[in-house]
1. ASP285: of a type outside the set (Val, Ile, Thr), open to solvent by 10 Å² or more (accessible area, probe 1.4 Å) and either in a strand (DSSP E or B) or within 27 Å of LYS103 (Cβ to Cβ) (or both), yes or no?
2. Let me confirm something: among ILE244, ILE189, which residue is more than 22 Å from the chain's Cα centre (by Cα) and either farther than 28 Å from ALA367 by Cβ or crowded, with 18+ Cβ neighbours inside 10 Å (or both)?
3. Tell me which strands (runs of 3 or more DSSP E) are completely within the range 381-440 and hold 1 or more residues being among the polar types (S, T, N, Q), or say none if there are none.
4. Does any residue in the range 471-483 that is under 14 Å from GLU305 (Cβ atoms) and touching a residue at least 60 places away in the same chain (Cβ under 8 Å) come within less than 9 Å, Cβ to Cβ, of a residue that is surrounded by fewer than 16 Cβ atoms within 10 Å (Cβ to Cβ) and aliphatic (A, V, I, L, M) six or more places away or on a different chain, and which pairs are these?
5. Any residue in the range 364-381 that is over 14 Å from PRO449 (Cα atoms) and at pLDDT 95 or above?
6. Only one of VAL294, VAL304, VAL249, VAL315 is of a type outside the set (D, E, K, R), open to solvent by less than 40 Å² (accessible area, probe 1.4 Å), more than 21 Å from GLU187 (Cα to Cα) and modelled with pLDDT under 90; which?
7. Does any residue in the range 294-319 that is under 19 Å from VAL460 (Cβ atoms) come within less than 6 Å, Cβ to Cβ, of a residue that is in a loop (DSSP other than H, G, I, E, B) and hydroxyl-bearing (Ser, Thr, Tyr) six or more places away or on a different chain, and which pairs are these?
8. Can you confirm whether the range 183-193 contains a residue that is in contact with a strand residue (DSSP E or B) (Cβ under 8 Å, 6 or more places away or on another chain), modelled with pLDDT of 95 or more and among the aromatic types (Phe, Trp, Tyr)?
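The values are calculated or read from the model by the stated rules, or taken from the named source; none is laboratory data. Just so we're clear, the structure is a prediction, and the values are computed from it rather than from any experiment. Quick reminder, even Gly has a Cβ in these numbers, built from the backbone with ideal geometry, and neighbours come from all protein chains shown. Side chains included, ligands, DNA and RNA excluded: accessible areas come from the protein's heavy atoms. Shrake-Rupley method; radii C 1.70, N 1.55, O 1.52, S 1.80 Å.
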Amino acid sequence: MCSHRCFLILIFFLASHSSVTSRILPEISTTTSTTLDVADSIRKTKDATSLFRLNQQEEQSHYPSSSSFSLQLHSRASIRGNEHTDYKSLTLARLHRDSARVKSLMARLNLAINNISKPDLKHTMYTTEQEDIEAPLISGTTQGSGEYFTRVGIGNPAREVYMVLDTGSDVNWLQCAPCAECYHQTEPIFEPTSSSSYTTLSCDTPQCKALEVSECRNATCLYEVSYGDGSSTVGDFATETFTIGSASVDNVAVGCGHSNEGLFVGAAGLLGLGGGLLALPSQLDTASFSYCLVDRDSDSSSTVEFGSDIPNDAVVAPLLRNHQLDTFYYLGLAGISVGGEMLEIPAASFEMDESGGGGIIIDSGTAVTRLQTVVYDSLRDAFARGTTDLERAAGVAMFDTCYDLSGKTTIEVPSVAFHFPGGNMLALPAKNYMIPVDTVGTFCLAFAPTASSLAIIGNVQQQGTRVGFDLANSLIGFSTNKC
């Protein structure tokens, strides 16, 4: 009798002190599977291969805005159209950009953790029509070009332009005349001399000193930003008036790029929504903001809201910051479940260490969620065990778990959910992790492994969910179907 009881006590002791977490979910998360509408997903891939352009008469968001600081948000494809003849090549191009993006984020964090300073970085020479501009070029320090665009007024009188929106960047910038090198954009290049509110910044200003890399030329502050996909921008750092929704904001620090190249085609520049001093939320002095990312293959739009509260019914997670790099938004993640059961993964998988390494960030510019290899393997294997009835297909690029769903209309797949401290859970729609990669029915599990200690929640997993950042109270909120 005693031996049996002691054996049970021993089993309980070992389980409670294990370095991994494995448990059946509480009542709120009893769903073990969810439905994927295969036919609808394939239909959207076929629509995406047509050259749709944004119809200004139809750009509507169903989200009721309570803020005067509100911007329309569009997918990259709705602005640029689709330059690919088939959806497979479009997918491969997206994944190629995404790989560059992720490498850039990892490299930037590594520089910060290793305390690599500005003088250690390479420099290069750019030439404008008027004079040479010498500016620092970061070798391997990159931030990514993003996948979502918004429209904002620049200058006085205001000129409306499309800008890439990016939570992984702090520096706002746009292309400016005269151009030594400028890529094609939808509107004419911004002319600083036509704006009465444009003012260059001197080198001793707080805005110039807040740049990660800068240089001084004739007492004028110069900036440079380099991105992982080969894109870059160099020019004068200035202040300008921004018109955001119905409100005008004076003296916003912005880079006026005279030499710009890369994959920003269609947009005039970039709006940084990161956590740094130069990012737009900080310059607007707002305590909160939110966005909702529409389907990347859709020509519909949503909004970016500044000063908007997190709804009471939102799934809430802790917002964490890295003392080595204030740009990224980290969140507290307790675990991931597949098919209603928590993954057996190390308890510290999503924790940031004292050096600033590790942890998990949420990013609007990264497409596919990256997980540490041991975490990804656990998720993939659990998902595969729940899909043995589906026909497997060859892997595609970074995706190693793919299926042939041709001829299917709907299927049931294992549920996937993020679990946050306090028992909060965000269940993902099936279309946010089983995505088509062509028009003939090949679908892949849209997660990928990373050898880095940093994990990233990407925009594929965020689509259709309003993500709110309560900067004052250090919270992130997720509200489904509130775009």
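1. no
2. ILE189
3. Per the criteria, 410-414, 424-427.
4. These pairs meet every condition: LEU471/ALA287.
5. Checked against the condition, which is being over 14 Å from PRO449 (Cα atoms) and at pLDDT 95 or above, the range 364-381 yields no hits at all.
6. VAL294
7. If the second residue must be in a loop (DSSP other than H, G, I, E, B) and hydroxyl-bearing (Ser, Thr, Tyr), the pairs left are VAL294/SER300; SER301/SER61; SER302/SER61.
8. yes
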